[in-house]
Amino acid sequence: MTQLPLDGIPAGKAGPSMVTIRPAREDEVEALRQIERSAAQAFRLIEAFSWLAVGDVQSADRHCDLIEKGTNWVAATGDDQPVGFLSAEIAERELHICEISVDHLHQGFGIGRKLIRHAIDAAAAHRLDAVTLTTFRTIPWNCPYYQRLGFGTLDEAALSPRLKAVLDLEAEHGLQRDTRCAMRLDLPAA
């Protein structure tokens with residue numbers, strides 16, 4: 001469990017003064033699904049992606065599977081209430097971020113950054129080679145955000161078969177391939 005102060009809070013916004021990053025629990029699965037629904041409301045502002053605000057969220061079974069594997073973490077406030085989560089899976093020698101969501105009322109306070117830092121640290125502790133994810137190319141809180149955190153965008157030729165399959169599956173679920181990209185953050189050798 002990692003306790004981190006929130007820094008860089010925008011002026012005029014009052015958020016939690018402290019969040020704890022810890023493993024998610026099965027009794028929190030519905031709360032995590034509600035957080036993802038809440039986070040998706042940001043897509044209402046982008047006409048081409050507004051359908052995501054009412055789309056499906058990660059299944060309860062998927063959450064439980066990742067909780068059991070130890071790769072589903074929550075950001076909890078001082079009273080231990082989840083306000084964000086990051087779900088990942090170990091695939092080959094990489095930790096793949098499947099989903100990261102922060103409740104819309106808690107966005108803009110660095111909680112997502114803290115979750116990503118925790119995932120990177122967990123991947124390093126497992127001596128993995130990299131952290132990967134897929135995201136939207138042009139939405140500011142997606143690809144440009146991850147680039148600021150050190151992730152690099154992979155061109156089509158650099159995609160592993162696994163990441164290509166992830167992007168193809170996303171396309172089957174309505175996420176147009178030309179709007180998506182895969183990203184990778186290489187970890188230092190142990």
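The figures follow:
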| quantity | calculated |
| --- | --- |
| Listed peptides 165-171, 155-161 by packing density, highest first (mean Cβ within 10 Å) | 165-171, 155-161 |
| Theoretical gain in end-to-end length, Ala158 to Cys64 [0.36 nm per residue, Cα-Cα removed] | 30.7 nm |
| Estimated FRET transfer efficiency when R0 is 35 angstrom, pair Asp80-Asp168 (beta carbons, to 0.05) | 0.35 |
| Cα-based convex hull, region 110-190, per residue volume (Å³, whole number) | 102 Å³ |
| Positive-end extreme of charge dipole, region 75-190 - chosen from Leu159, Ala189, Leu95 (charges on Cβ) | Ala189 |
| Within region 31-190: Cβ-based charge dipole about Cα centre, in debye rounded to nearest 20 (Lys, Arg +1; Asp, Glu -1) | 380 debye |
| Accessible area of region 37-190 divided out per residue, in Å², using a probe of 1.4 angstrom | 50 Å² |
| Förster radius 22 Å - calculated FRET efficiency between Asp178 and Glu89 (Cβ-Cβ, nearest 0.05) | 0.30 |
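The values are calculated or read from the model by the stated rules, or taken from the named source; none is laboratory data. Remember, it's a predicted structure, so these values are computed and weren't measured experimentally. Note that we place each Cβ from the backbone using ideal geometry, even for glycine, and neighbour counts take in every protein chain shown. The protein model used for the area step is the full one, side chains on, heavy atoms only, and it has no ligands, DNA or RNA in it. Shrake-Rupley method; radii C 1.70, N 1.55, O 1.52, S 1.80 Å.
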